[in-house]
Amino acid sequence: MADYPAHVSAAQGSARGGGRWLRVLAAILGCLSGAAPVPGAAEGAAPATVGFERVLIPRADGPALEGAFWYPSASPEAAMQVGRTEQNVANAGALVGRNLPLVVISHGALSNAFGHADTAVALAQAGFVVAAVSHAELSPSFTLQLAARPPQLSALISFALHDWHFHAALNPDRIGAFGYSAGAFTVLVAAGGVPDVGKIAPHCRAAPAEWSCVMAARHRLDLAETPMPRGAWGRDGRIKAASIAAPAAGYLFDTSGLEAVRIPVQLWQAGDDQTVPEPWSVTPIREGLPGAPEFHFVRGAGHRDFGAPCAASVMASHPSLCRDASGFDRAAFHQMFNAAIVAFFSKMLPGKVG
């Protein structure tokens, strides 16, 4: 288990060492990650830039979904604001490399395909192609809302492998998935997890302030169990490794519901998570997985601290989304967080590139 200390604001970090400690750890993790070199770059050459483009992902059962790709490129980068974040990318740049691994991202509620842009950039810098989707969440049934997400993630994978104009550069045997909050639930289902939705209504009677119950009440979602055949939850065997952070509705999983999750899992817990608190989030998953996950406990972090650091221009206008635990340095934490995710997928999706 990796246990990271609570840390302080950027201003305090220089005086007390919190921010410096995280930067040092991020550098060490980067050196140890074994991340693939940038595909197509000669040894000693300057690192490739990060290409970026928005896409529309068609689907048979509704309007096209918004998505985005980040990938190794050689085109010039420029500063760009996407959603609440800033990134330096080559907009619609050319892709470089062959046999590239793919990591797909599933965001949390009230977010979109750009909610983890900094993690996507870090992976692309390490030689991964990254694809994210903005989930459509329209059903009046809470169960059906949860069930709709995994097929949307699978549609993103299919689009990347078959319809994206750079699809020939991807290796279909090297696919990973990252998910946060509701996206962590999504990725866990796509990896083979089967939730017990019969637990939702009694759970919400006992814990009405828990995230899933608050969301259901706010949006007037029906908590009654919707009949769902066990095979209807959308397992996608193309996913070979999964990283999940602050999983929502973790209480819906138990040992029998997780027995089919046979891929490597990296599991992140925020030590001060007030949105999906314990014992209803990480604990059932950590204890129920058939194999021990690579577990990271982040002391002092709040639920939203796994989201990308906000651009300065939106920090004041979105305080509830841009700040979480008091005094927690999200930007410094993300240096370590992104390095650890790169290290995990580099190890679990090995292969020759170039």
inquiry  = For region 210-227, give me each residue that is free of Cβ contacts under 8 Å to residues at least 40 places away in the same chain and not in a loop (DSSP other than H, G, I, E, B).
reply    = Cys213, Val214, Ala217, Arg218
query = Does Val265 satisfy the criteria of being buried (at least 21 other Cβ atoms within 10 Å of the Cβ), among the β-branched types (Val, Ile, Thr) and touching a residue at least 40 places away in the same chain (Cβ under 8 Å)?
reply = yes
inquiry  = Step by step: first the residues of region 278-296, then only those that are among the acidic types (Asp, Glu) and surrounded by fewer than 17 Cβ atoms within 10 Å (Cβ to Cβ), then the one that is modelled with the highest pLDDT. Which residue is that?
reply    = Glu287
message = Within region 79-91, take every residue that is more than 10 Å from Val50 (Cα to Cα) and either in a loop (DSSP other than H, G, I, E, B) or free of Cβ contacts under 8 Å to residues at least 60 places away in the same chain (or both) and give me the one that is farthest from the chain's Cα centre (by Cα).
response = Ala79
request  = For region 92-113, enumerate the residues that are buried (at least 24 other Cβ atoms within 10 Å of the Cβ), hydrophobic (A, V, I, L, M, F, W, C) and assigned to a loop (DSSP other than H, G, I, E, B).
outcome  = Ala113
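Output the number of residues of region 124-139 satisfying the condition of being of a type in the set (A, V, I, L, M) and either at positive phi or in a helix (DSSP H, G or I) (or both).
1
Conditions (1) free of Cβ contacts under 8 Å to residues at least 60 places away in the same chain; (2) touching a helix residue (DSSP H, G or I) at 6+ places or on another chain (Cβ under 8 Å); (3) farther than 22 Å from Gln152 by Cα, marked per residue:
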site	(1), (2), (3)
Pro208	yes, yes, yes
Ile239	no, yes, no
Ala245	no, yes, no
Tyr251	yes, yes, yes
Gly271	no, no, yes
Gln274	yes, yes, yes
ask   = Residues in region 103-121: is at least one among the β-branched types (Val, Ile, Thr) and touching a Leu at 6+ places or on another chain (Cβ under 7 Å)?
value = yes
task = Quick one: in region 245-278, of everything that is outside any loop (DSSP other than H, G, I, E, B) and farther than 22 Å from Phe345 by Cα, which residue is nearest to the chain's Cα centre (by Cα)?
result = Gly250
message = I need the full set of residues from region 162-176 which are surrounded by fewer than 17 Cβ atoms within 10 Å (Cβ to Cβ) and either assigned to a helix (DSSP H, G or I) or free of Cβ contacts under 8 Å to residues at least 24 places away in the same chain (or both), in order please.
response = His162, Asp163, His165, His167, Ala168
ask   = Within region 103-111, is even one residue in contact with a strand residue (DSSP E or B) (Cβ under 9 Å, 6 or more places away or on another chain), more than 30 Å from Val194 (Cβ to Cβ), in contact (Cβ under 8 Å) with a residue 24 or more places away in the chain and aliphatic (A, V, I, L, M)?
value = no
request  = Please list, ordered by first then second residue, the pairs with beta carbon atoms under 9 Å, 6 or more apart or interchain, first in region 291-315 and more than 18 Å from Asp329 (Cβ to Cβ), second modelled with pLDDT of 90 or more and part of a helix (DSSP H, G or I).
outcome  = Ala292/Arg286; Pro293/Ile285; Pro293/Arg286; Glu294/Ala340; Glu294/Phe344; Phe295/Val282; Phe295/Arg286
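The values are calculated or read from the model by the stated rules, or taken from the named source; none is laboratory data. Just so it is clear, the model here is predicted, and its values are computed rather than measured. We place every Cβ from the backbone using ideal geometry, glycine too, and count neighbours over all the protein chains shown.
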